[in-house]
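Worksheet: the structure to be examined is printed underneath.
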Amino acid sequence: MGLKTKLLATGAFAATMWATTAAADMDAAKRWVMDEFDDSTLSQEDRMTEMEWFVNAASDLQGVSINVLSDGIPVHKYDAEVLAKAFSEITGIEVTHEVVDEAGVVERIQTQMQSGENIYDAYINDSDLIGTHFRNSAVLNLSDYMAGAGAGYTNPMLDLDDFIGIDFVKDVDGDIYQLPAQQFANLYWFRADWFEREDLKAQFKEKYGYELGVPVNWSAYEDIANFFTNDVGEIDGVKVYGHMDYGKKDPSLGWRFTDAWLSMAGAGDVGIPNGVPVDEWGIRVEGCSPVGASVSRGGATNGPAAVYALQKYIDWMADYAPPEAMAVNFYEAGTVPNQGQIAQQIFWYTVFAESAAQPGVPVADEEGLPKWRMAPSPAGAYWEEGMKLGYQDVAAFTIMNSSSDAGKAAAWLYSQFVTSKTVSLERTLHGFTPIRESDINSDVMTEWAPKLGGLIEFYRSPARVAWTPTGTNVPDYPKLAQLWWENVAAAVTGEMTSQQAMDRLASQMDRILQRLERAGMDRCAPKLNEERDAEYWFAQPGSPKAPLENEKPQGMTVPYAQLLTAWSEGRVK
């Protein structure tokens with residue numbers, strides 16, 4: 001209900017009260033715009049215009065309370081501690097924004113989907129669940145909502161095309177189910193200062209026959225890992241390692257693999273964003289229906305490339321990483337390179353960029369400028385041009401259908417406020433997980449670029465489309481994702497071989513797909529293929545791919561400056 005309509009509907013007394021409230025809300029908006037949201041791609045006048053829209057749109061939601069849950073990375077802590085307060089003061093809507101770890105978010109949204117009880121009105125959860133959301137009536141279809149009941153609550157300045165992750169939150173028909181709230185990628189990280197040392201370059205070339213540089217393939221990564229761990233061994237009195245990873249048995253071990261490790265090895269098919277017909281989880285899809293994960297059903301979860309990917313992960317961690325790597329999880333491992341003993345890391349999340357560029361950190365100089373750089377991920381032996389090359393985490397607002405009408409409207413307003421152009425650039429500076437093209441191309445980001453080791457160059461490059469989240473192929477992310485870390489852990493501990501672990505994983509995935517097929521779904525339900533001999537599938541074009549005779553071809557590297565040029569031209573390498 002707009003301001004004019006509200007005045008006509010509620011009478012003179014209510015109109016007076018509303019005018020007083022609106023004036024107070026606009027005073028709050030002005031204070032926040034001036035004091036907190038001064039970094040913005042909008043002019044101050046446009047920021048106030050956008051905030052006035054929020055005040056008016058929330059006029060019939062005064063006193064409504066909503067509960068929101070997200071994980072606890074820096075940008076979401078900023079949301080919970082600062083933006084929830086700002087939104088409440090500006091709109092009169094009360095927001096309780098909780099933060100837990102990512103596994104807790106997945107667990108709670110799964111519980112709410114199953115029970116139908118409204119615990120949270122909205123979640124900021126990974127777009128990896130898009131395949132679950134659009135098959136499940138528990139989640140609000142935002143495209144339908146914006147065109148219908150939510151039209152009056154939809155910000156005319158929202159500019160959906162400005163969101164760099166908008167395609168990742170759409171279903172197979174192009175409907176939007178989530179609103180992107182943060183985005184970061186996994187890239188290659190390396191100590192640029194060490195890689196430029198003439199003595200180390202000469203030593204590397206003498207032994208390996210090619211230049212020390214950014215690795216293009218896994219063979220070069222392995223050579224460099226061995227070089228720093230065993231040939232160099234120590235720099236400035238500090239024991240150094242050519243690799244860093246994590247191997248603790250907990251849910252984050254699963255992310256290490258579902259976050260596109262198999263696609264980096266080359267297990268899936270050509271096609272952006274997720275490979276067609278086989279994606280980075282090894283799931284084969286026909287139409288929009290998953291038809292199998294096992295090679296026997298045309299999938300690739302236990303194929304040669306997947307087994308190669310798991311075995312390389314295990315070998316590298318054992319041979320080239322610090323001993324403690326086996327005992328740490330994602331969160332604990334993330335800042336280890338900051339301590340100054342890691343030469344390179346093949347699977348490094350850009351969410352850690354800010355912490356690695358602070359004065360006093362061993363990997364930054366006295367001004368906080370990084371001694372390291374990030375670059376495109378090297379590709380495994382099975383990788384082909386046109387495949388995705390890595391993962392982008394896109395966490396997005398997800399509104400639940402179990403919420404009341406007022407709760408949905410309030411949650412939708414909060415989602416848009418947090419991601420609005422008034423707020424988004426300032427918010428990006430709290431964790432550097434950008435969501436808007438306009439923010440990435442702003443002068444503010446240009447000023448920050450030298451401090452972030454290649455992050456801004458990556459996000460300004462059209463090549464970033466080769467780094468994508470889990471797509472629509474995964475029909476029940478919570479159930480399927482939990483299988484990964486348990487099976488990977490069995491291989492890490494030596495309880496199973498890599499082949500045995502991936503065979504068991506693929507078989508378990510197929511059983512869940514079968515149960516989903518029997519249970520029925522309104523849309524895109526699994527329809528498993530009949531099992532065939534592996535050789536049948538290996539003879540077909542694409543994935544699953546037959547084993548290579550040589551899984552360690554000649555190592556290849558390129559100078560970092562050359563990679564920056566490739567990025568700017570839209571090439572992944």
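Read-outs throughout are calculated quantities, based only on the coordinates presented, and are distinct from any laboratory measurement. These numbers were taken from a predicted model, which means no experiment stands behind them. Reconstructed Cβ throughout: ideal geometry from the backbone, glycine too, with neighbour counts over all protein chains shown.
For the range 298-448, just say rounded, prolate or oblate: build the C-alpha gyration tensor, square-root its eigenvalues into a ≥ b ≥ c, call rounded for a/c under 1.5, and beyond that prolate if a/b exceeds b/c, oblate if not. In terms of gyration-tensor shape, oblate.
Which of the GluC sites (Glu not before Pro) across the range 483-573 are loop residues per DSSP, with 14 or fewer other Cβ within 10 Å? Can you show the working numbers first?
Values: sites: E486, E495, E517, E530, E531, E535, E549, E551, E569; in loops: E495, E530, E531, E549, E551, E569.
Here the GluC sites (Glu not before Pro) that fit, given the DSSP loop and packing criteria, are E495, E530, E531, E549, E569.
For the chain, hydrophobic long helices are taken as DSSP H runs at least 24 Å long by C-alpha position along their axis with mean Kyte-Doolittle hydropathy of 0.0 or more; these are 3-35.
Charging the Cβ of each Asp and Glu at -1 and of each Lys and Arg at +1, and nothing else, the dipole of the chain about its Cα centre rounds to 880 debye. Spacing of the modelled spin labels on A539 and Q554, each 7 Å from Cα toward Cβ, amounts to 3.4 nm. Could you work out the relative contact order of the range 147-277, using alpha carbon pairs under 8 angstrom and six or more residues apart, expressed as a whole percent? So the answer I get is 8 percent.
The residues I512, I164, when put in order of fewest to most other Cβ atoms within 10 Å, stand as I512, I164. On the beta carbon distance between E286 and E385, with R0 = 22 Å, the FRET formula returns roughly 0.35.
Please work out the ratio of the alpha-carbon Rg of the range 179-297 to 2.2 N^0.38 Å and round it to two decimals.
Dividing the Cα Rg of the range 179-297 by 2.2 N^0.38 Å gives 1.40.
If the chain linking E94 and A151 were pulled fully straight, counting 0.36 nm for each residue of separation and taking away their Cα-Cα distance, it would gain 18.4 nm. Exposure proxy ranking for C288, C524, based on other Cβ atoms within 10 angstrom of each Cβ and starting from the fewest, stands as C288, C524. With each label modelled as a point 7 angstrom along the Cα→C-beta vector, the T49-T111 pair spans 4.5 nm. The mean sequence separation of alpha-carbon pairs under 8 Å and at least six residues apart, normalised by the residue count of the range 275-415, gives a relative contact order of 11 percent. With a Förster radius of 45 Å applied to the beta-carbon distance between N230 and L429, the computed FRET efficiency rounds to 0.65.
Considering only beta bridges that DSSP places wholly inside the chain, some 70 percent are antiparallel.
Determine, for each peptide in 369-375, 311-317, the mean count of other beta carbons within 10 angstrom over its residues, then list the peptides with the highest first. Write down the numbers at each step before the final one.
Values: 369-375: 22.0, 311-317: 19.9.
Per-residue Cβ counts within 10 Å, averaged per peptide and sorted highest first, yield 369-375, 311-317.
Taking label points 7 Å from Cα along the Cα-to-Cβ direction, V276 and Q562 give a separation of 3.2 nm. Its relative contact order, with pairs defined as Cα atoms under 8 Å and 6+ residues apart, puts the range 23-125 at 32 percent. Among 124-136, 497-509, 273-285, the peptide with the highest mean count of other Cβ atoms within 10 Å heads the list, and the full ranking is 273-285, 124-136, 497-509.
Grab the beta carbon distance between V238 and Q62, set R0 = 41 Å, and tell me the FRET efficiency rounded to 0.05. Kindly include the intermediate steps, with their values, before the conclusion.
Numbers: r = 59 Å, r/R0 = 1.44.
Using R0 = 41 Å, I get an efficiency of 0.10.
With the cut-off at 1.5 for a/c, could you classify the range 479-573 from its C-alpha gyration tensor as rounded, prolate or oblate? Intermediate results must be reported in sequence, preceding the final value.
Working: a/c = 1.88, a/b = 1.63, b/c = 1.16.
Verdict is prolate for the range 479-573.
Taking trypsin sites (Lys or Arg not before Pro) across the range 146-224, the ones in a DSSP loop with at most 16 further Cβ atoms lying within 10 angstrom of their Cβ are R197. When you filter the chymotrypsin sites (Phe, Trp or Tyr not before Pro) in the range 193-265 for DSSP loop state and at most 16 other Cβ atoms inside 10 Å of their Cβ, you are left with Y210. A straight line joining the Cα centroids of the range 206-228 and the range 490-540 runs 35 Å.
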